[in-house]
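J.: Shown below is the structure under consideration.
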């Protein structure tokens, strides 16, 4: 199976603070990789390093074999990397339809291009609210819009940073349904998620960070029932 995204020996800093220590892992094409860890473990910094917001000081990041480690965020996005950021960051004064249209980008590679109708097909509620200002949507609807907006960029790799954060259980189930549907469509996905049950239930592969270091890379089945390991590295009891 081919490599969609690979990190090798990535070291990232905030000022003098060394946050990521030789982080290495591989996302294979058409797989969903769960990137897990406690608060402050380095998950969001890893996403920022990949997308170019916090470029690594050393190490390599490849997107389908092409080095992106020290390119700008806009260049990286145009190479086919889509981001659903933590906190959603939609444009509140624009309508739902305008939020989708403003980021629309032609597809890269041979994947069928996503359009507004495709987003509305998986998020019917957004279709109902297409003319509504995005700032008036509920938190769950805003999260749907954030995911839909990332899909409109027609990414080859999709990064999701805490998509279930702050959502009611029924909406977490909706996020899960959408992620499973994207998996069926062979999207290559990195999922950062504090909801361990959600992540371990849908991920094909798992990477766990602790204090900016990879402490596990492998199948979720191997750790799903290991309460001692999960408590040590994820704080799950």
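J.: Out of (1) in contact with a strand residue (DSSP E or B) (Cβ under 9 Å, 6 or more places away or on another chain); (2) part of a loop (DSSP other than H, G, I, E, B), the odd one out for residue 214 is which?
T.: Answer for residue 214: the failing condition is (2).
J.: If I go through the range 1-57 residue by residue, how many of them are touching a residue at least 40 places away in the same chain (Cβ under 8 Å), out of contact with any strand residue (DSSP E or B) (no Cβ under 9 Å at 6 or more places or on another chain) and in a strand (DSSP E or B)?
T.: Residues in the range 1-57 being touching a residue at least 40 places away in the same chain (Cβ under 8 Å), out of contact with any strand residue (DSSP E or B) (no Cβ under 9 Å at 6 or more places or on another chain) and in a strand (DSSP E or B): 1 in total.
J.: Can you say whether residue 47 is out of contact with any helix residue (DSSP H, G or I) (no Cβ under 8 Å at 6 or more places or on another chain) and crowded, with 22+ Cβ neighbours inside 10 Å, as far as the supplied structure shows?
T.: Yes; evaluated as a whole, the condition is true for this residue.
J.: So, in the range 171-188, of the ones that are more than 17 Å from residue 88 (Cα to Cα) and touching a residue at least 12 places away in the same chain (Cβ under 8 Å), which residue ends up surrounded by the fewest Cβ atoms within 10 Å (Cβ to Cβ)?
T.: 186
J.: In the list 7, 94, 27, which residue meets the criterion of being within 24 Å of residue 218 (Cα to Cα) and touching a helix residue (DSSP H, G or I) at 6+ places or on another chain (Cβ under 8 Å)?
T.: Every option except 7 fails the conditions.
J.: Right, here's the next one. Conditions first: (1) at pLDDT 90 or above; (2) not in a helix (DSSP H, G or I). Residue 165 passes all but one, so which condition is the exception?
T.: Failed condition: (1).
J.: Still on this model: Please tell me if residue 65 is loosely packed, with under 15 Cβ neighbours inside 10 Å and touching a strand residue (DSSP E or B) at 6+ places or on another chain (Cβ under 6 Å).
T.: Answer is no for this residue.
J.: Oh, and also: Collect the residues in the range 217-228 that are over 21 Å from residue 176 (Cβ atoms) and in contact with a strand residue (DSSP E or B) (Cβ under 9 Å, 6 or more places away or on another chain), keeping them in residue-number order.
T.: Scanning the range 217-228 gives 217, 218, 222.
J.: Which residue, of 149, 131, 224, is within 18 Å of the chain's Cα centre (by Cα) and either under 23 Å from residue 27 (Cα atoms) or in a loop (DSSP other than H, G, I, E, B) (or both)?
T.: Going through 149, 131, 224 in turn, just one is within 18 Å of the chain's Cα centre (by Cα) and either under 23 Å from residue 27 (Cα atoms) or in a loop (DSSP other than H, G, I, E, B) (or both): 149.
J.: How many of the residues making up the range 121-148 are closer than 14 Å to residue 182 by Cα and touching a residue at least 12 places away in the same chain (Cβ under 8 Å)?
T.: 5
The values are calculated or read from the model by the stated rules, or taken from the named source; none is laboratory data. This one's a predicted model, so the numbers in the text were calculated from it and none came from an experiment. Because the Cβ atoms are built from the backbone with ideal geometry, glycine has one as well, and the counts that use them run over all protein chains shown.
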